[in-house]
Amino acid sequence: MEKTAIENIDLEFLKLKDYQELKAAMISIYTNFENAYWSERHIDMLIEKFSEGQVVIKINGQLAGCALSIIVNYDDFEDEHTYKQITGNYEFTTHNDEGNVLYGIDVFIKPEFRGLRLGRRLYDYRKELCEKLNLKSIVFGGRIPGYHKYADDMSPKIYIEKVKRKEIHDPVLNFQISNDFHPSRILKGYLEGDAQSNDFAVLMEWDNIYYQKPSKKAATIKKVVRLGLIQWQMRPYKNMGELLQQAEYFIDAVSGYRSDFAVFPEFFNAPLMAEDNHLPEADAIRKLAEHTAAIVEKFSEFSISYNINIVTGSMPEIKNGKLYNVGYLCKRDGTVERYEKIHVTPDEAKVWGMQGGHELKTFDTDCGKIGILICYDSEFPELSRILAEEGMDILFIPFLTDTQNGFSRVRNCAQARAIENECYVAIAGSVGNLPNVHNMDIQFAQSMVFTPCDFSFPTDGIKAQATPNTEMILIADVDIDLLRELHQFGAVRNLKDRRKDIFDLKRTQ
């Protein structure tokens, strides 16, 4: 049809008055099947059960295409189901408003209207409906009508692989793959009488990246998360009470902006070492470790009273006689979890006798999965990749750097972690100086929030940044759904495109 002949294209809900036109279209299209059309009773039943799932495209008032679907509880079916089983012996008794999958019953475009990408409109409608109804996925059994030409020479699996590699052209399967559906399994005997497909079908799936599994709890996982980074000023404090008073001041400030996280830097409590400055550095840091348990207990109280998750930066801690650099995640539900610095710097090992930790894990929060790496750990990409494989959305990096060179290493590595792991990365550091504390020089920091570099994010990959070397807070919102879109539809897909056939990353413990 000439483009100039098209006056309007409408996507409408299927109505019973459209039946005769629908029947004629199906008879003309499915010439290889006997009685290849739904009866008027069946169409009336579909509309009555699930009107939103039945749509048509009309061009100049004429029916040009149609999509029919139902909702099923997919857990009730075997993966090896047939078309007859999934439709309840063609009576649609399997439709369930409380189901979890949108199942495609039929979709077609009349031959005279092909080439206008109308099929994409029908698939896009189904995707929007799936998201709107919070269904897990769209599933349907896809025909492979070209397979009968190759059935004597190759299996359906090889045929599908060749179609995916563009070595064989199958217009139906090619179209479905180009619309982000992926083959999940091969079905034998799916559709009775489908000789063109040699009695095979391909179970095609499209995953709803926004799907949330229904919860019986009142709480939900937040999609837009507000981060509150504390660019902490190193200054003398008379005692721990005064340091905690300053910490509470900042927690109060970021929670006043309804932040979901308050993030402190590495060794933010180092000013307390001033009272032990007469001791050797290794002894002074161990005296500082005596305060850690009390600080964590107080921070947990703050997290509850200010309704905010607190990343405590890091503090020294002695465990089984060994000195570690650790931090705690104090959640607003009252739970507390611990993380360790895996790689200690040469200076930490030489001056303080600090040991590298062994615990590496993601943390489940009311804002999704997060990871925390302390300073130097950000410069080892394997760690963040392991966390990304566990589903991390936000990576927090508390740091302490005394030179601009050191800061640049942390800053540039943090941004690389955001790009390669398709996640948000927030870094928080200290500024100022501690003249009365050995091994603590002038601090250099600029706290920042990094994003991947794609169309939905800032072009330079920087969501927000603090003023360098100034005591302040930095507030930034990050949208978790944008990460889901990136994983699926990004211009590049760093996580999906990794060549695991030639390299792999494994934990040793």
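All of the numbers you see were taken from the coordinates with simple rules; none came from a lab. Just so it is clear, the structure is predicted and the values come from calculations on it, not from any experiment. FYI the Cβ positions are ideal-geometry reconstructions off the backbone, even for glycines, and counts take in every protein chain you see.
Structure notes:
- Two-site label geometry, residue 185 and residue 412: point separation in nm, points 7 Å out along Cα→Cβ: 5.0 nm
- Between residue 209 and residue 455, the contour length at 0.36 nm per residue exceeds the alpha carbon distance by 86.8 nm.
- Ordered by the number of other Cβ atoms lying within 10 Å of each residue's own Cβ, fewest first, 232, 206 fall into the sequence 206, 232.
- Additional length obtainable on full extension of the chain from residue 131 to residue 294, 0.36 nm per residue less Cα span: 54.0 nm
- As a proxy for reagent exposure, ranking 42, 358 by other Cβ atoms within 10 Å from fewest up yields 358, 42.
- Table column - 3J(HN,Hα) (Hz), region 25-33, Karplus curve with 6.51, -1.76, 1.60, x for Gly and Pro: 5, 5, 5, 6, 8, 8, 6, 8, 10
- The protection proxy used here, the mean number of other Cβ atoms lying within 10 Å of each residue, ranks peptides 6-12, 351-357, 278-284 as follows, highest first: 351-357, 278-284, 6-12.
- Backbone amide hydrogens, once placed in the peptide plane, bring residue 493 within less than 5 Å of nothing, excluding anything fewer than 5 places away on its chain.
- Here's how it looks for residue 187: its modeled amide H is under 5 Å from those of 201, 202, 203, which are all 5 or more places away or on a different chain.
- 3J(HN,Hα) from dihedral phi, region 232-238, Karplus parametrisation 6.51/-1.76/1.60, rounded to Hz, x for glycine, proline: 7, 8, 6, 8, x, 10, 5
- Amide H contacts under 5 Å for residue 368: 222, restricted to partners 5 or more places along the chain or on a different chain, H placed in the peptide plane at 1.01 Å from N.
- Within a straight-line Cα-Cα reach of under 27 Å, residue 84 can be paired with the following lysines, leaving aside sequence neighbours fewer than 8 residues apart in one chain: 15, 17, 23, 49, 110, 127, 136, 149, 157, 188.
- Chain lengthening between residue 282 and residue 436 when straightened (0.36 nm per residue, less Cα-Cα): 53.9 nm
- The distance between label points at residue 98 and residue 495 comes to 3.2 nm (points 7 Å beyond Cα on the Cα→Cβ vector).
- Taking 437, 263 and counting other C-beta atoms within 10 Å, the order from fewest to most: 437, 263
- Spacing of the modelled spin labels on residue 347 and residue 153, each 7 Å from Cα toward Cβ, amounts to 6.8 nm.
- For region 282-287, 3J(HN,Hα) per residue [Karplus equation, 6.51 cos²θ - 1.76 cosθ + 1.60, θ = phi - 60°, Hz, x = Gly/Pro]: 5, 6, 5, 5, 6, 5
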